[in-house]
Amino acid sequence: MDILANLAIGFGVALSPYTLFLAVCGCFLGTIIGALPGLGPSNGVAILIPITFTLGLDATSALVLMTSVYYGAMYGGRISSILLNIPGDEPALMTTLDGYPMAKSGRAGDALVLSGVASFVGALLATIGLMLLAPSLARVAFLFGPAEYFALYLLAFCTLGGMASNNQAKAALAACIGLGIAMIGVDSSSGLPRLTGGNLHLYDGIDFLVAIVGLFAIAEIFFFIESHGKGSSIGIKLDKVTIPWKDIMATKWTMLRASGVGFIAGILPGAGASLGSFLAYMTEKSIAGPNGGFGKGAAKGIAAPEAGNNSAAGGALVPMLTLGVPGSGTTAVLLALLMTLNITPGPTLFSERPEVVWGLIASLLIANFVLLAMNVPMVKIFVRILMVPAWVLLPGVTMISFVGIYSLSGSYFDLLLMIGFGVLGYFLRKLDVPTVPVILGILLGGNMEDALRRAMTLSDGDPMYLFSSPIAIGFWIAAIAGFVAPMFLRGVLKKPQKHPTDGPID
Amino acid sequence: MASDRIFGLVTLITAVAYIAAATQIQTNFFSGEFLPKLFPLMIGAVAVVCSLSIIFKPDPDPAWPQPPTWISMGIAVVVLAFYAVLLTPLGFILPTVFAAGILSYQISPRIRPAILSGIGLSLGLFVLFKYALGLGNIVAYRIPTAAKLWDAIAILIPFVGGH
C-alpha cells in the first residue's frame, strides 16, 4: 500500500498539464534522437541538459522532460535498425539482425509496430520493477559506510570497463583519465587548488557537461567527416502500417522473458541496455533452437531484443537512483542531470525528496503510454525525419551543443575545452578505448575520493579498513570478478559483428 | 601495434607527470598532510600500470583516415575554435553561418547545399532559441569594435592572448 500512496504523490506531481506537455515533447524529441543514426541517447540527453538548465525548469519538470527523452531514445533506436540496417544506438544493434530481414521481405510496417509493442512491454515491466525494487534497495543502502561506497564505485568501474572494451587495460585507463580530470580544481577540505597548473579557469574544476558533450557530440562530427555521412538513405519502402496481432500474440512469452532478462542486466552496475538486448536475444534464440528462423526475420528475434533493451533501460535506473551509481552511459548522463539540478541520488533521496523520485516514476509510466501512441500510429513521421541528411543534421547538432555549453558559463574557455574533449573522444574511440568510463570517472571522482578520505580519517589511515565489512569484501570480490571474467568469457559473449560498432555507446 | 604503442607512451608520460604534480599538491592544517595527495597518486599509479600494459600488449592498428580527411578534420577543429572565441564579440548569427556552412562542406563537399545549410541553420536556430526557448540574451547579435575582435582572436594565438 505504501507504494500506491507514494505513486499517488508521484502522479499528483506528474499529471499537471504542463508536465504532461513536457513529457510529450520529451518523448517526441527522444524518439527522433534515438532514430537518427549517430545520435544515441547519451548524446541526445547530454546536448539537451545545458539547454534545459538555461530554460530555468524546476527539478521535477526537468527530470520529466529528460527521462522522457531517455525512454523515447530507447524506443527510437529500433527505427533505423529496421529501416536502414544501422542501429540508431548501440542497444538497437541486435534488432538489426531480424528487423532488417523482415523489413526487406516487405513487412517493414509490421516490424516497426511489433518492436514498438515489445518496447512498451519491456519498458512498462521495468518501470514496475523499479517501483517495487528501488525503495527496498534504498533501505539496504543506508547500511553503507565510506568503505562500502568506495568498493561500490570501484565495482561500477570494473564491471563497466569489463563490458565496454575488448582490452581491460584500456578500459581501466579510461576510468583513470576521468578520475584524474575530476581531481582538478579547488580541494574542498584545504581550500587550495589542486592540479590546475595555475590556470584560473580550472579552479572550479572541469564541468562534467563540457566533457560529456565534447566526448559524445563533438567527437561525432569527426566520425561523420571521416565517413562523409554515408549510409543514411532508406532503401526500404514503408507501406500502410497495420497492427500484426498474430505476431504480437505469438511473441507474448518472448516479450515477458526478455523483459525479465533485460531488467536484471540493467540493474547490474555498468552493464546497461546493450547487454540486456544481447542476453534477451541469445536466450530466445537458444530456446527456439535452429528451426526458429532467427536471423531471417523472425518475429521473436525482433520482440526479444527490443523488450530486453527497454527493460534494461528501466533497470539501469535502479542503481542510479538508489546508490548514485549509474548502470550505463546514458544513466551516467542522467546522473549528470541530477547533479546539475542539485539532487543527490542515493538512499536519502527516497526519504527526503519522495516527490522527485515518485514524480519521476509516474512520469516514466506516462511516457510509456505516450510513446506507445507515438510509435505505433505515428511511426511514419519519424521515418520522414530519418531522411534529414547528415550534412544538415551534424552541423545543427554541433551548433546546439555550443549554444548549450555557452549558456552555462558564457565563457570561451569551456567551449575550447569542449572541442579538446571532442578531439580526445575521436582518438579514444578510434583506439578502442571506451569513453563511458571517462564520463563516469569525471562524475563520480569527487564522491569516490570523499569516500576514501572519510574511510581513512575514520580508521586513522589503516588501509585494511576498506575491507573491514562483509558487504565491502563482497563488492571487492565482485569488482575483481567483473573485471577479470570478461577476459575468459570473451569467446562466449562475442557480439555478432554486423557493422563496425563505432557508434555512440549505449 | 604502432598506434597503441604511441598511445601508451603518451599516456605513460602524462601519468608520470600527473604523479609528479600530485606530490606537489599544497596542503594545510585543515586537510592534513597526506589525504589530498592520496587519491591522485593512486589514479596515477593505476594509469602507469595500464599504460605499460598497452605498450607491451598492443592491439592491432585501427583504420586511420587518409590525409585529405585529416585535413578536413583539422579545418573543422580550427573553425570550431574560431567559433568558440567569436561567439562573444560577434553574437550567434554571423559566426554560425560560417561554422555550420564549413562543417557541412566537410561532411559533404558540395558548395550550394553547404551555404544553404549554413544560412538555414543559423536563422532557424536563432528563431528557435530566441522565440521558442526564450534564450534571446544568449544568441543576440552584436557589432564589435576591431579591438574586441582582435582580443578574441588573440586567445587562440599561444603566448599572445592570456587567460
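Each row is one residue, and each column tells you yes or no for (1) polar (S, T, N, Q); (2) at positive phi; (3) touching a Cys at 6+ places or on another chain (Cβ under 9 Å).
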| site | (1), (2), (3) |
| --- | --- |
| A:Pro41 | no, no, no |
| A:Pro50 | no, no, no |
| A:Leu63 | no, no, no |
| A:Tyr71 | no, no, yes |
| A:Arg78 | no, no, no |
| A:Leu84 | no, no, no |
| A:Met94 | no, no, no |
| A:Tyr100 | no, no, no |
| A:Ser105 | yes, no, no |
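For every residue, the table says whether it meets (1) surrounded by fewer than 14 Cβ atoms within 10 Å (Cβ to Cβ); (2) of a type outside the set (Phe, Trp, Tyr); (3) modelled with pLDDT of 90 or more.
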residue: A:Lys430; (1), (2), (3): no, yes, yes
residue: A:Leu440; (1), (2), (3): no, yes, no
residue: A:Gly461; (1), (2), (3): yes, yes, no
residue: A:Pro470; (1), (2), (3): yes, yes, no
residue: A:Leu489; (1), (2), (3): yes, yes, no
residue: A:Gly503; (1), (2), (3): no, yes, no
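Sort through A:Thr196, A:Thr159 and tell me the only one that's free of Cβ contacts under 8 Å to residues at least 60 places away in the same chain and more than 9 Å from chain B (Cβ to nearest Cβ).
Working: A:Thr159 fails: free of Cβ contacts under 8 Å to residues at least 60 places away in the same chain.
Of the residues listed, the single one that is free of Cβ contacts under 8 Å to residues at least 60 places away in the same chain and more than 9 Å from chain B (Cβ to nearest Cβ) is A:Thr196.
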Going by the conditions given, is B:Asp4 facing another protein chain (nearest Cβ under 7 Å) and touching a Ser or Thr at 6+ places or on another chain (Cβ under 9 Å)? no
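So if I check each of A:Phe150, A:Phe157, A:Phe144, which one is part of a loop (DSSP other than H, G, I, E, B), hydrophobic (A, V, I, L, M, F, W, C) and closer than 23 Å to A:Gly266 by Cα?
Going through A:Phe150, A:Phe157, A:Phe144 in turn, just one is part of a loop (DSSP other than H, G, I, E, B), hydrophobic (A, V, I, L, M, F, W, C) and closer than 23 Å to A:Gly266 by Cα: A:Phe144.
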Looking at (1) within 26 Å of the chain's Cα centre (by Cα); (2) of a type in the set (Gly, Ala, Ser); (3) buried (at least 17 other Cβ atoms within 10 Å of the Cβ); (4) within 9 Å of chain A (Cβ to nearest Cβ), find the lone condition where B:Ala63 falls short. (3)
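Please verify whether A:Leu394 is within 11 Å of another protein chain (Cβ to nearest Cβ), within 30 Å of A:Thr95 (Cβ to Cβ) and either surrounded by 22 or more Cβ atoms within 10 Å (Cβ to Cβ) or in contact with a Cys (Cβ under 6 Å, 6 or more places away or on another chain) (or both), treating the condition exactly as stated. Walk me through it before giving the result.
On the way: within 11 Å of another protein chain (Cβ to nearest Cβ): yes; within 30 Å of A:Thr95 (Cβ to Cβ): yes; either surrounded by 22 or more Cβ atoms within 10 Å (Cβ to Cβ) or in contact with a Cys (Cβ under 6 Å, 6 or more places away or on another chain) (or both): yes.
Here the answer is yes, as A:Leu394 does meet what is asked.
Quick check on A:Ile181: is it out of contact with any strand residue (DSSP E or B) (no Cβ under 6 Å at 6 or more places or on another chain), among the β-branched types (Val, Ile, Thr), in a helix (DSSP H, G or I) and facing chain B (nearest Cβ under 9 Å)?
Numbers: out of contact with any strand residue (DSSP E or B) (no Cβ under 6 Å at 6 or more places or on another chain): yes; among the β-branched types (Val, Ile, Thr): yes; in a helix (DSSP H, G or I): yes; facing chain B (nearest Cβ under 9 Å): no.
Taking the combined requirement at face value, the residue does not satisfy it.
Filter segment B:80-134 down to the residues that are among the aliphatic types (A, V, I, L, M) and closer than 19 Å to B:Ile155 by Cα and list them by number. Before you say what the answer is, go through the steps one by one.
In the first step, residues of segment B:80-134 are kept if they are among the aliphatic types (A, V, I, L, M); the result is B:80-81, B:84-87, B:90, B:93-94, B:97, B:99-100, B:102-103, B:107, B:111, B:114-116, B:119, B:121, B:123, B:125, B:127-128, B:132-133.
Within segment B:80-134, B:Leu80, B:Ala81, B:Ala84, B:Val85, B:Leu86, B:Leu87, B:Leu90, B:Ala99 qualify.
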Does at least one position in segment B:76-84 carry a residue that is surrounded by fewer than 20 Cβ atoms within 10 Å (Cβ to Cβ), more than 9 Å from chain A (Cβ to nearest Cβ), touching a residue at least 60 places away in the same chain (Cβ under 8 Å) and of a type outside the set (Lys, Arg)? yes
Taking the condition buried (at least 18 other Cβ atoms within 10 Å of the Cβ) and out of contact with any Asp or Glu (no Cβ under 7 Å at 6 or more places or on another chain), does B:Ile43 pass? yes
Sole exception among (1) within 16 Å of B:Thr88 (Cα to Cα); (2) surrounded by 15 or more Cβ atoms within 10 Å (Cβ to Cβ) for B:Ala140, by number: (2)
Does A:Ser401 satisfy being small (Gly, Ala, Ser), under 23 Å from A:Leu55 (Cα atoms) and more than 7 Å from chain B (Cβ to nearest Cβ)? yes
The lone condition B:Ile111 fails out of (1) under 19 Å from the mean Cα position of the chain (by Cα); (2) more than 7 Å from chain A (Cβ to nearest Cβ); (3) of a type in the set (Val, Ile, Thr); (4) farther than 15 Å from A:Gly396 by Cβ is (1)
Can you tell me which of (1) facing another protein chain (nearest Cβ under 7 Å); (2) at pLDDT below 90 is the one B:Ser53 doesn't meet? (2)
Scan B:Leu123, B:Leu149, B:Leu116 and give me the residue that is more than 8 Å from every other protein chain (Cβ to nearest Cβ) and under 23 Å from the mean Cα position of the chain (by Cα). B:Leu149
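The values are calculated or read from the model by the stated rules, or taken from the named source; none is laboratory data. On a predicted model such as this, the values are computed, not experimentally measured, just so you know. Counting neighbours? That spans all protein chains shown, and the Cβs are built from the backbone with ideal geometry, glycine included.
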